Amino acid sequence: MDIFKGKNLGIFAGGLLFGTAGIKLLTSKDAKKVYTSCTAAVLRAKDCVMKTAEAVQENAEDILAEAKQINEERAVEEEAAVQEELDDFAEAENGGEPEEL
């Protein structure tokens, strides 16, 4: 039993010492410089990602506008083709004579 108490006491003391040294290390000037440098790098990376996202969004908007234009032109062409077929059908029913309005 005495061995376990001594071992537990040693583990507790080691943890306390390690924790105290860790806190001092984390709050040192050198550590603050590292934190500052890392934060600056993250901010630069964020700016780069945001610029890329904006470029992708602009390209997507351009693609969408062009796709809508293509669909509008296609609809006009299809409507003209349907009208031409109707005109041909009406002309064929009238025996080749143009329809009077």
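Each reported figure results from applying straightforward, stated rules to the coordinates on display, with no laboratory input. Because the structure is a prediction, the values reported are computed rather than measured. Heads up, the Cβs are rebuilt from the backbone with ideal geometry, glycines too, and the neighbour counts pull from every protein chain shown.
Below are the figures for this structure:
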read-out: Approximate spin-label separation F18-D47, in nm, with each point projected 7 Å along Cα-to-Cβ; value: 4.0
read-out: Under 29 Å, Cα to Cα: Lys pairs in the chain, sequence gap 8 or more or different chains; value: 10
read-out: Angle between the chain longest axis and helix 2-26 axis [Cα atoms, degrees, rounded to 10]; value: 60
